[in-house]
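To start, the structure under review is shown below, and the notes come after it.
The values are calculated or read from the model by the stated rules, or taken from the named source; none is laboratory data. The model shown is predicted, which means the values in this text are computed figures rather than measured ones. Glycine gets a Cβ as well: all are built from the backbone with ideal geometry, and neighbour counts include every protein chain shown. Please note that ligands, DNA and RNA were not included when accessible areas were found on the heavy atoms of the full protein model with its side chains. Shrake-Rupley method; radii C 1.70, N 1.55, O 1.52, S 1.80 Å.
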Amino acid sequence: MSTTELYVVTGATGRTGSAAANTLLNAGKRVRVVVRDESQGDTWAALGAEVAVADFTNHFSLCKAFSDADGAYIVSPPQYSSERLFSQAEAMARSIADAATNAKLPKLVALSSIGAEQPNGTGWIAMNRMLEESLSSTGIPVTLLRAAYFMENWGALVKIAVEQRQLPSFLSPLDEKFPMIATADIGRIAAETLCENWEGVRIIDLEGPARYSPNDIAEYLSLKFGEAIQPASLPESDWALSIAGQGFSSAAISGFIEMTQGINSGHIAFHNRLNVKRRTGSVKLNAVIDALAVE
């Protein structure tokens, strides 16, 4: 029997999951990635990871994926194309919690979001709240990573800025500095957290090394391309049209709008709260933008 810890990583085909799995492998840990299709695991198998094929709605396959592991990193994938995305998220949260309990997982680290402590007015973030509630009720030691706004969310907007020399922004006002974090930092911190030991439920707020405004991003792009790029607030009346055609259901679009309104109003924010720790990533927004501009 190997004495090296075995950690399960879900969402390994995504940004934070892949970063977590790579961090664990580089640290010499055994890793079991969970994928929905066996072919998605080929790259990970080549890197030395175990591959488990499971669906979050399939209790048996999920139990098997969690079996004999020392902990798991949970990323519950939103079903943005579905009109039932919130009820589906709730069902997956319950399925994950039940499987973790039945598999007797010793600990869990889950990706959540800034604002998940709010009972309403958070749009998409309500799905993270459902996951938090389900996992917290298991009695398993769980760490909830409440991540700030993903730096990678600027990807499509940066491409528009490169083409049109204007940076549209859902975030407003343009001079407001919002907490943001790179997904690489989230995955790395998730992996490091998974290797720790704790009792009960821990909440850790995650943000990057600095806060950034839409003006900061436009200024950096202007310097990068040697040409003035102006930031421009997208009017709320245009938000639905701006993300239409990207595969979002009408329920998902409504959720996006409510979430973005909550961020802009300060309803969704990091507030100083007892028993909540904060960890800071090291990846600067400029590095993420450089990568986004060439994708």
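Which links in K107/K284; K29/K284; K64/K159; K177/K277; K29/K277; K177/K224 stretch past 32 Å when you go from one Cα to the other? Let's see the in-between values first.
Working: K107/K284 30 Å; K29/K284 27 Å; K64/K159 42 Å; K177/K277 21 Å; K29/K277 25 Å; K177/K224 20 Å.
Result: K64/K159 exceed 32 Å.
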Restricting to Cα pairs under 8 Å and 6 or more apart, the percent relative contact order of the stretch 103-259 works out to 29
Expressed in angstrom and rounded, the centroid-to-centroid distance over alpha carbons for the stretch 210-262 and the stretch 69-110 is 29
For the chain, the accessible surface attributable to carbon and sulfur atoms (probe 1.4 angstrom, ligands and nucleic acids excluded) amounts in percent to 50
Long-range amide H partners of V8, meaning residues 5 or more apart or on another chain whose placed amide H is closer than 5 Å, are R32, D70, G71, A72, Y73
The stretch 118-250 accessible area per residue, 1.4 Å probe, protein heavy atoms, integer Å², reads 42
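For the stretch 12-57, what is the relative contact order in percent, using Cα pairs closer than 8 Å and at least 6 residues apart in sequence?
33
Which value in deg cm²/dmol, rounded to the nearest 500, describes the helix-derived mean residue ellipticity at 222 nm for the chain, given -39,500 (n - 2.57) per DSSP H run of n ≥ 4 and division by the residue count? Please list the in-between numbers first.
Values: 11 runs with 123 residues, N = 295.
That comes out to -12500 deg cm²/dmol.
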Using alpha carbon centers only, the stretch 176-207 is separated from the stretch 1-60 by a whole-angstrom value of 19
Quick calc: nm separation of the 7 Å Cα→Cβ label points for K224 and R279 -> 2.7
Ordering 197-209, 56-68, 126-138 by per-residue average of other C-beta atoms within 10 angstrom, highest first, gives 126-138, 56-68, 197-209
